[in-house]
Amino acid sequence: MLTERIRKCGFTLLELLVVIGVLAILLAILLPALWKVSVTSKTAAAKSQMGIIAMALSKYQEELYGLPPDNVPTTNGSEVLAHYLARKMTIGASSHGPYMNLNSQSLADKNGNGLMEMISPLNNSYFCVLRRDINNKVSGFLIVDPGPDHKLGGTLDPLNGFTADASDDSKDNIVNHALQ
């Protein structure tokens, strides 16, 4: 008589729990690191985008001998940038722009007013204001991306630039003083 041993295939409940526990520990270690890498890469892309905006403003100024107003079509800085830099304009018999080529991820109608606004890689709306000297002469453009925390933490003033409040919300702002 041959007796065959029947061998059960599979894992015990204890083995499964150990594997699940090890995977949970690995995820707990890796997820914060992956999140930090994601935020760092988006912040780098946002800084790069700010440089591209500064170059587009420079090209705009070179072609049209001035800077776009900072309050038209609305006072939203992102709408102003999209309106003047991301579309083709006809002035008299000549065409100008677009000064930036933006994809659908970079333009959105966030507030539902029918006007597109430029969105940063951090999913923020830009704040911008024309810089002016003490004689009220335009000297440049100040653009601020609120950064990863999405909080501006201060005010933009044409004469003084960006002034942070006491909240410490501005610690991760990305600021670009274009054309000074």
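No lab work stands behind these numbers, since they all come straight from the coordinates. None of the values given here were measured: they were computed from a predicted structure. Here the Cβ positions follow ideal geometry from the backbone for every residue, glycine too, while neighbour counts run over all protein chains shown.
When the alpha carbon coordinates of the chain are projected onto the principal axes, the ranges are 107, 44, 27 Å, largest first.
Other residues with beta-carbon under 14 Å from the beta-carbon of residue 159 carry, at +1 per Lys or Arg and -1 per Asp or Glu, a net charge of 0. Between residue 105 and residue 62, the FRET efficiency estimated from the beta carbon spacing at R0 = 22 angstrom works out to 0.20.
Lysines near residue 151 by alpha-carbon distance under 20 Å, same-chain residues fewer than 8 away left out - which ones? Cross-link targets: 36, 42, 47, 110, 171.
Peptide packing: for 60-67, 25-32, 117-124, the average count of neighbouring Cβ atoms within 10 Å per residue gives the ranking 117-124, 60-67, 25-32, highest mean first. Relative to the longest principal axis of the Cα atoms of the chain, the long axis of helix 13-64 makes an angle of roughly 10 degrees.
Is the shape of the range 81-180 best called rounded, prolate or oblate, per the rule: a/c under 1.5 gives rounded, else a/b larger than b/c gives prolate, else oblate, with a ≥ b ≥ c the square roots of the Cα gyration tensor eigenvalues? In terms of gyration-tensor shape, oblate.
Dipole magnitude for the range 114-180: about 300 debye, using +1 per Lys or Arg Cβ and -1 per Asp or Glu Cβ, origin at the Cα centre. Post the alpha-carbon centroid distance, the range 128-180 to the range 24-56, in whole angstrom. When both Cα centres are located, 22 Å separates them. When each of 100, 116 is scored by the number of other beta-carbon atoms lying within 10 Å, the sequence from fewest to most is 116, 100.
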